[in-house]
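The values are calculated or read from the model by the stated rules, or taken from the named source; none is laboratory data. Fair warning: this is a prediction, and the values are worked out from it, not measured in the lab. Counting neighbours? That spans all protein chains shown, and the Cβs are built from the backbone with ideal geometry, glycine included.
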Amino acid sequence: MTSYALFLGCTIPARLPNYEISARKALNRLGISLVDLEGMTCCAPPPIQSLDLEASLAIAAYNICLSEEANLDIITLCSGCFESLTVANETLKQNEKLKTKVNRILSEAGKEFKGSIKVKHYLQVLSENVGKEKIRASITRKLANLKVASFSGCHLLRPSKILKFDDPERPHVYDELIEVLGARSIWYRNKQKCCGGLLRGHADDVALAIAREKIVNASKAGADCIVTICPFCYLTLDLGQVIMKSTYQEEHSLPILHYSELLSLAIGVDAKELALEFHKVKIDNILNKIE
Amino acid sequence: MENLKIGIFLSDCGKALAETLDFDNLTSFLKEVPGVTFVEKGTEFWKGSGLQEIVKTIKEQKANRIIVAESLPKLSEIKIVEAAEAAGLNQNFVQVIDLKDYCVWPHRNVPLEATEKAKATLLAAIERAKILDPIHKLEFPAVKSVLVIGGGISGIQAAEDLADLGFEVHLVEKAPFLGGIAARAGRFFPTDDCAACIQSPASDVKTITHTSRKCIYRSGIAAIQGLKIYTNSQVVKVDGEPGNYRITLEKKPRYINEAKCISCNLCAEVCPVEVPDEYNVNLVERKAIYTIIPNIHPPTYVIDEKACKFHECEKCVQVCPTKAIEMDEKTETTTLNVGAIIVATGFKEYDPSVIKEYHYGEYPAVVTNLELARMLDAFGPTGGKIIRPSDRKPVRRIVFVQCVGSRDKRWNNYCSSICCMISLKHAIMIKTVFPEVDVSICYIDIRTTGREHEEYYEKARELGVKFVKGRPTEISHDPESDLLIVDVEDSLLRRFLELEADLVVLATAMVPSEDTENLAKILQIETDEDGFFKEYNAKLRPTETKKRGIFLCGGSTFPKDAPSSSLQAHSAALKAFKFLNTGKIVKDQKTAVVNEEYCGDCEFCPVSCPYNAIELVKVDEKHVVAKVSDILCEGCGICVGTCPLNAIDLRHFKQSELRAQTKAILSVNKQNKPLILAFCCSECGGASIDSAGMTMTNYPTNVRIIKVPCTGYLRIEHFLEAIEYGAQGVMVVGCMNNGCHHEEGIKKVEKRIEAAKNLLKEYGIEPERIELFNTIFIEGDKFAEAARVMTEKLEKLGPIQFSKES
Amino acid sequence: MMETKEASISFSKEVASKYGGETITLCYQCGTCSSSCPVAKATEKFNPREIFRLVLLGERQEVFYSNAIWLCSSCYNCQERCPQTVEVADVFFALRNIAAKEGLLPNIYSEFASALINEGRIVPVSKFLERKREQIGLPPLKTTGIDALKKILAATGFDKLQLKKEVES
């Protein structure tokens, strides 16, 4: 079993137990052990970076220090956390001046950033450490009829110079991980475009318009569902459809799933164990399409 | 041992210097110096009777070393040395000292001190005179034959020029046909006529008329005396020296005898093999035996050896009426002996497939300008019609995208200079013949800077070409309509556009030709950070390289249009002509020489030489020694400064001469001032000191000046010796950091000064006693200010306290 | 409203000297960022190229008194595509950092900051959720490192941000 320090972030524990439980179950079954560390904080994603970019580096670095002390690489389920922690990790590893500055701040909390661990998104762990073969071998249910609109969101891929997860113009890792489950990852217009999530709370009209475009494009292309790998994207598109109903009087009924939910179902986890009631848009059609 | 008789000629420059200098005092001082035979005073020695005076006095007094103190030494030096040579002296035994600018005009307010400084300066020249060696004139053979690498329009024209001048010219082209980019571009601006067009030859080529220009096929170049053309050929090795190069050429087989082929096309008609025609953008297919456009040279077919089935087929052999096909032709290696080389390898289009958001290579309807040119060419794959590559339907909407891969820090930072004009030319051609086609150009800036260029921009607007000021972020494909969508912001209208197009033309960057790097290694010439061949000086020597005998022209140094390429071709030809015309290269042996006993098998000097003039040569199984090529060496002395074993010296500026000058110039100090020794280079740095003098800018007289060939010559020992002989401070005055006339010298001496400072610290001496100054001629005031500041600093620091440990 | 000459020369320098804003002066206004921007396509209120134009012209007041800079969704598409390698999204962080220091920020950001300072998370976990976790078999949440975080926030001056509600959303 390979162990990783699980970094949950803020949104998942607060809003999405279904994401967390499907991820824990799937990863465990595939040989990944998740360690919960004490003392982690918010990762300082864009909302905090907007207030103080340098302080955000220090906050992210603090969380990395905890994992360095536990001698574990970090695994995240949220792309926002992935971006924030990876940018901090790589920037401080390469920039001596910033590293010194941040370590001075961290010393107040009794920590020192050494740059000894890696930060990985769980898709990365699945693709690089578990491997497609093992996933394929673990499949017990057929998803052959499922047409999936995969949505990787922004921060899995960009800024690509630092994250280096996949080719930002021709990403393929995520689609391959969907196809290995037996589902079909379909083309739809503006697939890589942002969901507008960060605008929620102060520019809701704009955020909703952006999210709506995505739902419409995926539906037009014949998708059965949209599959996400970030809690922000999930909320924007799932809860977003409820708001679209009241704002635009439109009912799209396009199920939004977390990739880990699809993965769990494919490798035989019982749907009853996955707290699927947390989906605002009901996913019964999807469950029916899966044997 | 020769009996040294040193003669000194002092000029008071029409009595102007006598107002400051005490010439009597000076003269009597100099007469007392051992070795000095006479001191003659005059008014000017560099004109008319003055020169005769020098010759007469030398002969009378039997002087064998002379020092002439003169104003305007740069003008007078040449005449004085000629006069001395006429009197039987070797040129190196003549020193011309600038008394006026060094010792008088900057110090007019302190005549006593000025006279002291004059004494010191002349004493330094005397002590140096005692150990000078003669410098001989060398002659190297200059073969009147030139190799031109690259058969595009600049290579062809440079070759023509030199052949017209009676030289033997070898024009070598990698492709099976001449023409380069011109063979594919269709038409060139600003004349809008055929691209494959060159100057008419000047020499008498019987039936060829002397008009302004000719198509290549009827230019008569194949008949010009002395011009040999090699196609399908490449330079694989270059040996020898400037003026006398040995070139190894590899000629790939054409499989067709050029003398017999009549271009009847019967072979191509029967050839069973069809392959995509990359010359025509793979829009059509060609046979394994083929030719390209008819107005090119040679008018001969060629076999594509990768596609042809050779003896398994032989259909073409059977039908050829002149039996021109030779399937067993092998690669030939030839050697040539030439005196100079002109590099005319041009440029090529950047491959935009790396710019993934534009989908070049993925969507067939995204093409480059050169590919569009093939379509627009009547000889091209579509007979001049513009079609959608996917379904061959006629095109109704075209969008040009400018600056693709240019002005882009991710790919090529520079502006490729000709792409705006190319797109405008194409847009005008399209709108003229197909006015119903909608043409838009997406741009960041429109650059029409040359002669007759702005008219293109005007004409395009007149014809209804739409200009969108915005750089597209993405080109996508709509599967329903099968149209391309160009996603761009019209920044002037502040509106987002999704331009639909049947064809998107990328004005892609122009980059160095294939194999440029390899050729640079073979020729041992430099390329710049973008991979283009580097010219000797961008402002004044655009068609020469640092290496004697190798010249550049055309797009090989930077993308440029046909007029500029032609201009450079003629310039390079002239330079090659000048270099070789007398049949010999004459050079003074003012070069470096290696003391082979001391030379220690390291590699420092060859690497340090900006002219690649030093080679490591095996003397036996275990040892190599450095050897300096007299023809390549420019006598800068950077190698002298670099050698860790102090095993190299300059014949015309030995380290012993520097030492003698240092000791002497610091020995005269009656006023007990804190002496500063200023080493200056012979270029910009030294010029700033001349300039301070010329403008009578005041600075303290304790600054004594010794000129060295290049500041890169200076070693740490030289600085320490200066201090040992009495300097309280050392100034090193050289060119700007990026302007060293020998490229690396100033940067190297900067590092050595840092090291010297550290050494001084260890000796307990203040490191700020030695400083570097970068100046150019117009910065005489900067030098003067630096001298003043340093003097003040030294006065504050007081005399050097050598610590007990040193 | 035109700024005084002094302010205009220094605004782009001010942004360039802030962490994240260093590359602003490379911008040559090609518009690639705007056409890459999902927000600019959805609303007229936000156009990154235009905002950069205002910065480079020195229009400090105009840039900060609108809430436009808060409309960037940090998707980084602009930064990927910019031909001058301007770190567009990061420059927006720098601009927001300057605005936040002067108390010019949307309400919700004040709320994020308060949550971070007081609880170490930007979204608090409700008791309902904690019980739900137990029900579905998730392990209880580990404690948040609020004490360590407080020290870090103090060391960076984050806790001194003027979280006034000045800007209309």
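Pairing residues of segment C:148-162 that are within 7 Å of chain A (Cβ to nearest Cβ) and of a type in the set (Gly, Ala, Ser) with residues that are assigned to a loop (DSSP other than H, G, I, E, B) and buried (at least 18 other Cβ atoms within 10 Å of the Cβ), at Cβ distances under 9 Å and at least 6 apart in sequence or on separate chains, gives C:ALA148/A:GLY39; C:ALA148/A:THR41; C:ALA148/A:ALA109; C:ALA148/A:LYS111; C:ALA148/C:GLY120; C:ALA155/A:ALA109. Of the strands (runs of 3 or more DSSP E) lying entirely inside segment B:453-496, those carrying at least 3 residues that are within 10 Å of chain C (Cβ to nearest Cβ) and either modelled with pLDDT of 95 or more or within 22 Å of B:ILE422 (Cα to Cα) (or both) are B:483-490. Is at least one residue of segment C:109-120 under 30 Å from A:VAL269 (Cβ atoms), out of contact with any strand residue (DSSP E or B) (no Cβ under 6 Å at 6 or more places or on another chain) and crowded, with 17+ Cβ neighbours inside 10 Å? Scanning segment C:109-120 turns up no residue that is under 30 Å from A:VAL269 (Cβ atoms), out of contact with any strand residue (DSSP E or B) (no Cβ under 6 Å at 6 or more places or on another chain) and crowded, with 17+ Cβ neighbours inside 10 Å. The residue list B:ILE800, B:ILE765, B:ILE723 contains one member that is hydrophobic (A, V, I, L, M, F, W, C), within 28 Å of B:SER691 (Cα to Cα) and not in a strand (DSSP E or B), which is B:ILE723. Each residue in segment A:136-149 was checked for being of a type in the set (Ser, Thr, Tyr) and buried (at least 24 other Cβ atoms within 10 Å of the Cβ), and 0 of them qualify. Given the structure, is B:LEU132 buried (at least 24 other Cβ atoms within 10 Å of the Cβ) and modelled with pLDDT of 95 or more? Answer is no for this residue.
State whether the residues of segment A:138-155 include one that is away from chain C (no Cβ under 13 Å), among the small types (Gly, Ala, Ser), within 20 Å of A:ALA23 (Cβ to Cβ) and not in a loop (DSSP other than H, G, I, E, B). Scanning segment A:138-155 turns up at least one residue that is away from chain C (no Cβ under 13 Å), among the small types (Gly, Ala, Ser), within 20 Å of A:ALA23 (Cβ to Cβ) and not in a loop (DSSP other than H, G, I, E, B). Selection over segment B:775-788 of residues that are β-branched (Val, Ile, Thr) and either at pLDDT 95 or above or assigned to a loop (DSSP other than H, G, I, E, B) (or both) gives a count of 2.
Among the residues that make up segment B:581-602, is at least one of them assigned to a helix (DSSP H, G or I) and aromatic (Phe, Trp, Tyr)? No - not one qualifying residue is present in segment B:581-602. Can you work out which of the residues in segment A:241-276 that are without any contact (Cβ under 8 Å) to a residue 24 or more places away in the chain and within 14 Å of chain C (Cβ to nearest Cβ) is farthest from A:GLN124 (Cα to Cα)? Going through the qualifying residues, I end up with A:LYS272.
Criterion applied to B:LEU112, B:LEU123, B:LEU75 was being at pLDDT below 90, in a helix (DSSP H, G or I) and outside the structural domain of B:ALA572 (by TED's automatic domain parsing), and the one residue passing it is B:LEU75. In segment B:501-511, the condition of being out of contact with any His (no Cβ under 6 Å at 6 or more places or on another chain) and surrounded by fewer than 22 Cβ atoms within 10 Å (Cβ to Cβ) is met by no residue.
The strands (runs of 3 or more DSSP E) falling completely within segment B:190-279 that include 3 or more residues that are surrounded by 15 or more Cβ atoms within 10 Å (Cβ to Cβ) map to B:197-199, B:227-230, B:233-241, B:244-251. Scanning segment B:759-774 for residues that are modelled with pLDDT under 95 and among the β-branched types (Val, Ile, Thr) returns a single hit, B:ILE765. Is it true that some residue in segment A:68-88 is part of a helix (DSSP H, G or I), surrounded by 24 or more Cβ atoms within 10 Å (Cβ to Cβ), without any contact (Cβ under 8 Å) to a residue 24 or more places away in the chain and within 11 Å of chain C (Cβ to nearest Cβ)? Looking through segment A:68-88, none of the residues is part of a helix (DSSP H, G or I), surrounded by 24 or more Cβ atoms within 10 Å (Cβ to Cβ), without any contact (Cβ under 8 Å) to a residue 24 or more places away in the chain and within 11 Å of chain C (Cβ to nearest Cβ). Search segment C:61-102 for residues being farther than 23 Å from A:GLY153 by Cβ, among the hydrophobic types (A, V, I, L, M, F, W, C) and within 11 Å of chain A (Cβ to nearest Cβ), and hand back the single one that is surrounded by the fewest Cβ atoms within 10 Å (Cβ to Cβ). Step by step, filter segment C:61-102, then rank; the result is C:ILE98.
Note on segment A:179-210: residues that are under 22 Å from A:LYS289 (Cα atoms) and either among the aliphatic types (A, V, I, L, M) or touching a helix residue (DSSP H, G or I) at 6+ places or on another chain (Cβ under 6 Å) (or both) amount to 6. Only one entry of A:GLU213, A:GLU176 meets the criterion of being of a type in the set (Asp, Glu), in contact with a helix residue (DSSP H, G or I) (Cβ under 7 Å, 6 or more places away or on another chain), surrounded by fewer than 24 Cβ atoms within 10 Å (Cβ to Cβ) and not in a loop (DSSP other than H, G, I, E, B), and that entry is A:GLU176.
Scanning segment A:91-137 for residues that are in a helix (DSSP H, G or I), in contact (Cβ under 8 Å) with a residue 24 or more places away in the chain and more than 14 Å from every other protein chain (Cβ to nearest Cβ) turns up A:TYR122, A:LEU123, A:GLN124, A:VAL125, A:LEU126, A:SER127, A:ASN129, A:VAL130, A:LYS132, A:LYS134, A:ILE135, A:ARG136. Of the candidates B:ILE778, B:ILE765, the single residue that is in the same structural domain as B:GLY712 (by TED's automatic domain parsing) and loosely packed, with under 13 Cβ neighbours inside 10 Å is B:ILE778.
The single condition among (1) at the interface with another protein chain (Cβ under 7 Å from one of its Cβ atoms); (2) surrounded by 14 or more Cβ atoms within 10 Å (Cβ to Cβ) that C:THR143 does not satisfy is (2).
Taken as a whole, segment B:128-138 holds at least one residue that is touching a Gly at 6+ places or on another chain (Cβ under 8 Å), farther than 27 Å from B:GLU455 by Cα and assigned to a helix (DSSP H, G or I).
Within segment B:676-696, being in contact (Cβ under 8 Å) with a residue 60 or more places away in the chain, buried (at least 24 other Cβ atoms within 10 Å of the Cβ) and either acidic (Asp, Glu) or over 20 Å from B:LYS590 (Cα atoms) (or both) holds for B:ILE676, B:ALA678, B:GLY685, B:SER688, B:ILE689, B:ALA692, B:GLY693. A single member of A:THR2, A:THR11 is away from chain C (no Cβ under 11 Å) and not hydrophobic (A, V, I, L, M, F, W, C), and it is A:THR2.
Taken over segment B:396-445, residues that are within 34 Å of the chain's Cα centre (by Cα) and in a loop (DSSP other than H, G, I, E, B) amount to 16. Every condition in (1) surrounded by fewer than 19 Cβ atoms within 10 Å (Cβ to Cβ); (2) touching a strand residue (DSSP E or B) at 6+ places or on another chain (Cβ under 7 Å); (3) of a type in the set (Gly, Ala, Ser) holds for C:SER17 except the one numbered (2).
Checked against the criterion of being outside the structural domain of C:SER126 (by TED's automatic domain parsing), in contact (Cβ under 8 Å) with a residue 60 or more places away in the chain and not polar (S, T, N, Q), the candidates C:ALA89, C:ALA94 yield just one match: C:ALA94.
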